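Step one of this worksheet: look at the structure below.
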Amino acid sequence: MDTRHRFLQLQTMLSEHQDLWRPQPFHGRALAWRTQRPELAQAVDRLADDEVAWLETSPEALVAWVASHVSSLAVLPELVAVPELPRQAMAPVGPHFSWHIPGRKQAQIEAFAGHVIDPRAPLFEWCAGKGHLGRRLAVAHGQPVTSLEIDPLLVDECEVLARRARIAQEAVCADALLASSRAHVSGAHVVALHACGELHRTLVRHARDDGAHGYSIAPCCYHRWVDTAYVPLSDAASLALDGVGLRLAVTETVTAPGRERRALQRSQAFKLGFVALRASVSGHAYQSFRPVPPQWSSLVFEDFCRRLAEREGVILPERLDWAHWAQVGYQRQAEVARDSLVRHAFRRAIELWLVGDMALALEAAGFAVTVGAFCERPVTPRNLLIQAQR
């Protein structure tokens, strides 16, 4: 599907269905769509617990399920279906090349590198970390690579690993958000694997003037460095997104082990139990609170609530039925999981709209652009790749 056509269709669909994806079920169950779309609400409530869990971990099935209950979303499954881009064979690496690379990260690097078409320009790795991707591309294409990274410790490790692998790789310590860092982009083919938020957007914002030969960008964490509202990159963009909407695009994760999923459910149930308890004590509706320290997740419910209440300045009654409020929390967690299915059906649509905004901006800057997937979802849900060449 043509990038502009997909982008405009997604933009119209997201604009017309904001009632389904903007409200956050965590804040309460008084969601407008539950009243205005009773058939959808009934379908959500009829789902068995195992169906809820399956839909949450099966994005294509979730999109199809929601679309089957909202007739105006019939085209959504087609709009979010993105084929994998052509992949090329690469020169193999030695048995010790993957030192210090976690297994899933290694799979992501291998998949991404296989989609970087033989560049006719020097390679420049943006937000490189330890330079793993740069080294892999240097082997694949038999040419030197320059890797930019802000953390001096990672820069040092990049240099050590390059020497060990006997790769011609120069590491540059610099902040990617500074204009001076983009001076390295001129005349290069820039690769950026999961550079977060503004770190990847800054490449696109200045692509017209920076003089790069091409870009291979796999975006990630779209909400990073967005204070209040997303600033579009292309003239075609009119959808208003805030940090909440941007975070929705990246809430899809690879299926976690059962123990991890249960821990996440417990943590959310404890938070929701506290929300209900505070509302009962204060007489006010939902009030937000700052993120809870991860170590608090090991506390029992009563200790969790007392510690959170102390931090938030909530005075609790001396005697409370803690078992009751814990049960309320778990009941709310089950409700939130159900209602969130509707919202989560739009995650990929928002992500593709954001990627489309970048692709159209690169086209306006004079590049030929293609968008597609560079790997399967189990390798990484952030599997969209923007290829731009002059």
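Computed values, structure above
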| quantity | calculated |
| --- | --- |
| Cβ-derived FRET efficiency at R0 45 Å, Ser15 paired with Ala179, nearest 0.05 | 0.85 |
| Cβ-Cβ FRET estimate between Val75 and Asp151, R0 fixed at 35 Å, reported to 0.05 | 0.20 |
| Average accessible surface area per residue within the range 271-390, 1.4 Å rolling probe, Å² | 43 Å² |
| Added length on full extension, which subtracts the Cα-Cα distance from 0.36 nm per residue, Asp45 to Glu260 | 74.9 nm |
| Net charge, His189 excluded, C-beta distance under 13 Å - Lys, Arg +1, Asp, Glu -1 | -1 |
| Calculated [θ] (222 nm, deg cm²/dmol) that DSSP helices of n ≥ 4 give over the chain, each run adding -39,500 (n - 2.57) | -14500 deg cm²/dmol |
| Within-11-Å neighbourhood charge of Pro23 [Cβ basis; K, R +1; D, E -1] | +2 |
| Environment charge of Arg6, counting only residues whose C-beta is closer than 15 Å and scoring Lys/Arg +1, Asp/Glu -1 | -3 |
| Met1 accessible area, assembled protein chains, probe 1.4 Å, Å² | 100 Å² |
| Added length on full extension, which subtracts the Cα-Cα distance from 0.36 nm per residue, Arg22 to Ile117 | 30.4 nm |
| Charged-residue dipole, Cβ positions (Lys, Arg, Asp, Glu), the chain about Cα centre, Debye nearest 20 | 420 debye |
| Calculated FRET efficiency for the pair Val52/His324, C-beta based, R₀ 30 Å, to 0.05 | 0.80 |
| Cut-off under 5 Å, modelled amide H: who pairs with Glu84 long-range | Ala373 |
| Sequence-separation-based contact order of the chain, relative, with Cα cut under 8 Å and 6+ spacing, percent | 22 percent |
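The values are calculated or read from the model by the stated rules, or taken from the named source; none is laboratory data. The structure displayed is predicted, hence computed values, not measured ones. Every residue, glycine among them, receives a Cβ derived from its backbone with ideal geometry; neighbour counts consider all protein chains shown. Note: areas computed on protein heavy atoms with side chains; ligands, DNA, RNA excluded. Shrake-Rupley method; radii C 1.70, N 1.55, O 1.52, S 1.80 Å.
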